[in-house]
Amino acid sequence: MRVHLVNPSELAFGTAVITPRWLYVLAAATPEQFGTPSIVDETLESFDALTVAPGDVVGIGIHTGNALRGYRVGRLARERGAFVVFGGIHASLFPDETREHGSAHAVVKGDGDMVWPSVLADCAAGCPGPLYEGGRVAGASFLSARWDLLPPDRYMWGSVQTVRGCPKHCSFCSVWRTDGQEPRQRGVEQVIEEVVALRRKGFRFILLADDNFYPVTQADLAAAARRSDPGPLATLTALRQERFELMNRLAELPDDLVFYTQITMEAGEDPEFLKAMRRARIRGALVGVESVTPEGLKSVFKNFNDAGDALVTKLQAFRQHGVQVLGSFIFGLPTDTPDTFRATADIAQRAGLSFAQFVMLTPFPGTVDFARWEREESSSTKVGGIPLNRYWLIPPSERPKIYTPHPLMAAHEIRRGTQATWDEYYRLPLIWQRSSCVRSVRARLTFVLISKLYRQMYADTGIATDSARVARSARRARWLARIVRRFFIAAPMPDLQVPPLPRPSMPIGWATEEVS
Ligand code: SF4
């Protein structure tokens with residue numbers, strides 16, 4: 001019985017930016033007796049069903065965006081006589097759908113880290129159960145990924161997870177409902193060991209693939225301090241302290257390492273945290289800005305973000321501390337108007353963002369928005385016989401780009417406005433202007449290439465309705481990705497060791513002070 005793990009994708013680029021972590025974590029969770037899993041990341045190349053033999057296990061991880069392709073892979077695998085097991089956010093939400101459309105024998109709900117060996121044992125015995133509850137694994141039990149199985153020369157960035165869960169409750173996001181609102185932080189030394197393993201292989205750019213790297217804000221601490229029960233404040237303080245311990249340890253690693261993460265804007269009002277990020281060489285962060293107006297933020301339950309000029313100041317604070325920001329904006333909020341596109345592009349430029357992404361509001365399953373939309377959207381609206389509120393089952397070429405009716409703009413206006421904002425923001429002169437965030441000419445040229453690649457991979461293949469444009473962009477992205485990868489990879493350091501632990505007598509705040 002061979003184990004195959006498949007990350008489905010409709011488009012293959014040959015080279016990918018970020019290592020798909022779940023594949024290598026499940027490989028680590030695969031007991032030795034089942035051999036080394038065969039790993040297929042379809043963002044590199046397509047799954048070949050002929051590699052599957054009767055009695056093999058094919059594990060497929062899906063989110064809403066790749067569910068349809070995942071179901072096709074599942075059917076192909078089952079035709080070959082394999083046991084088909086689905087996991088991932090989408091499978092956790094729609095286990096019956098994976099059986100109906102993906103020929104699943106079994107579904108894993110929640111985290112797969114601990115439950116995977118039981119799934120495999122049952123398959124080996126010829127009787128997989130229909131449903132396995134993986135639950136929410138505690139931070140101390142997160143597995144390290146089997147990076148030794150990575151194919152050579154295919155990925156630009158490594159990925160390591162340090163925390164799951166997010167205490168916020170944004171209406172368009174499923175993270176807080178699936179991963180929970182209680183942050184589950186991983187042991188510092190486990191994180192460091194994994195980073196060292198990646199650097200040994202030549203990865204020097206590493207994504208800290210967290211739901212929210214800043215789970216405890218100053219406002220949270222202040223609110224806890226006002227309570228008569230000292231317990232919550234002690235818990236939050238300990239969580240925050242662990243973040244500093246992690247950043248202090250990252251700072252001790254080879255100085256060519258560069259980290260990126262995802263964080264809420266509130267970190268912009270916490271200079272001590274920003275300084276620690278800088279010391280740790282966390283050079284960039286994706287910040288969900290979402291909307292530039294207070295009304296827009298309120299509509300997505302993200303009132304903790306700033307708007308207007310306060311937003312510009314908050315985002316600039318990251319840059320002043322050496323943290324480059326990839327700002328993420330949503331278009332199509334009910335409060336948006338035709339002027340929103342230009343106003344957003346203007347703020348993105350003024351705030352000194354290094355990169356920006358502009359996405360169209362999509363009701364993703366597992367979110368508050370989806371639950372509301374699913375109720376309101378009559379299932380009599382169909383595309384090719386498929387109800388619109390199951391849009392991910394519609395073939396991508398026929399799938400609408402906008403689902404939620406807007407009070408002021410037609411769907412095509414929102415799509416065009418979004419595309420135009422990408423086009424404007426990623427014009428060459430503006431990219432060159434933004435590239436001043438790095439110093440050398442080589443670094444600036446790399447910045448330009450990355451900006452172009454980012455746009456090709458995420459805007460032109462995701463927003464365009466013209467299939468010729470999508471195909472052309474995918475070809476260009478393939479070509480660009482091969483070139484850009486060379487700028488990210490360094491010489492391997494096979495002998496790199498985990499730095500020794502600091503002396504236990506060291507006072508707790510010693511390393512959080514800025515030294516540069
Ligand atoms: S969008 Fe970000 S801040 Fe909001 S719930 Fe999701 S992970 Fe948390």
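The values are calculated or read from the model by the stated rules, or taken from the named source; none is laboratory data. Owing to the predicted nature of the structure, the values given are computational and were not obtained by experimental measurement. Here the Cβ is made from the backbone with ideal geometry for all residues, glycine too, and neighbour counts use every protein chain on show. Protein only, heavy atoms only, side chains kept; ligands, DNA and RNA dropped before computing areas. Shrake-Rupley method; radii C 1.70, N 1.55, O 1.52, S 1.80 Å.
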Q: Name, by its number, the condition in (1) within 20 Å of the chain's Cα centre (by Cα); (2) under 28 Å from Arg486 (Cβ atoms); (3) surrounded by 20 or more Cβ atoms within 10 Å (Cβ to Cβ) that does not hold for Arg199.
A: (1)
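In the list Gly366, Gly385, which residue meets the criterion of being under 23 Å from the mean Cα position of the chain (by Cα) and farther than 25 Å from Arg455 by Cα?
Numbers: Gly385 fails: under 23 Å from the mean Cα position of the chain (by Cα).
Checking each option against the conditions leaves just Gly366.
Step by step: first the residues of the range 326-367, then only those that are of a type in the set (Gly, Ala, Ser) and on the phi < 0 side of the Ramachandran plot, then the one that is surrounded by the fewest Cβ atoms within 10 Å (Cβ to Cβ). Which residue is that? Steps first, answer last, please.
Applying the first criterion (of a type in the set (Gly, Ala, Ser)) to the range 326-367 yields 327-328, 332, 343, 345, 348, 351-352, 354, 356, 366.
From the residues that got through so far, the ones that are on the phi < 0 side of the Ramachandran plot too are 327-328, 343, 345, 348, 351, 354, 356.
Details: Gly327: 27, Ser328: 17, Ala343: 14, Ala345: 21, Ala348: 26, Ala351: 22, Ser354: 22, Ala356: 24.
The residue in question is Ala343.
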(Q) Could you tell me how many of the residues in the range 163-189 are surrounded by fewer than 18 Cβ atoms within 10 Å (Cβ to Cβ) and either more than 12 Å from the ligand (Cβ to nearest atom) or more than 26 Å from Gly87 (Cα to Cα) (or both)? (A) 3
Q. Residue check, Ala285 against (1) within 16 Å of the ligand (Cβ to nearest atom); (2) out of contact with any Ser or Thr (no Cβ under 6 Å at 6 or more places or on another chain); (3) hydrophobic (A, V, I, L, M, F, W, C), all met but one. Which one?
A. (2)
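For the structure I just gave you, tell me whether Arg240 is farther than 29 Å from Val17 by Cα, crowded, with 18+ Cβ neighbours inside 10 Å and more than 16 Å from the ligand (Cβ to nearest atom). Please lay out each step first, then the result.
Numbers: farther than 29 Å from Val17 by Cα: yes; crowded, with 18+ Cβ neighbours inside 10 Å: yes; more than 16 Å from the ligand (Cβ to nearest atom): yes.
Taking the combined requirement at face value, the residue satisfies it.
Against the condition under 22 Å from His169 (Cβ atoms) and assigned to a strand (DSSP E or B), how does Phe364 come out, does it pass? So that I can check it myself, show each step before the final result.
Numbers: under 22 Å from His169 (Cβ atoms): yes; assigned to a strand (DSSP E or B): no.
No, not satisfied.
Applying the selection to the range 129-146, what residues are touching a strand residue (DSSP E or B) at 6+ places or on another chain (Cβ under 7 Å) and open to solvent by 30 Å² or more (accessible area, probe 1.4 Å)? Don't jump to the end; show me each part of the working.
Of all residues in the range 129-146, those touching a strand residue (DSSP E or B) at 6+ places or on another chain (Cβ under 7 Å) come to 129-136, 138-139.
Selection gives Pro130, Leu131, Glu133, Gly135, Arg136, Ala138.
Can Ser291 be described as open to solvent by 20 Å² or more (accessible area, probe 1.4 Å) and within 16 Å of the ligand (Cβ to nearest atom)? First the steps, then the outcome.
Working: open to solvent by 20 Å² or more (accessible area, probe 1.4 Å): no; within 16 Å of the ligand (Cβ to nearest atom): yes.
When the stated conditions are applied, Ser291 does not pass them.
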Q: Tell me, yes or no, whether the range 295-302 has at least one residue that is away from the ligand (no atom under 16 Å from the Cβ), under 25 Å from Thr418 (Cβ atoms) and without any contact (Cβ under 8 Å) to a residue 60 or more places away in the chain.
A: yes
Q: Kindly check whether there is at least one residue in the range 262-272 that is of a type in the set (Val, Ile, Thr) and outside any strand (DSSP E or B).
A: yes
(Q) If I filter the range 25-51 down to residues being free of Cβ contacts under 8 Å to residues at least 40 places away in the same chain and in a helix (DSSP H, G or I), which single residue comes out as least open to solvent (accessible area, probe 1.4 Å)? (A) Ala49
Q | In the range 374-410, residue most open to solvent (accessible area, probe 1.4 Å) [restricted to those that are more than 20 Å from Tyr71 (Cα to Cα) and assigned to a helix (DSSP H, G or I)] | A | Arg375
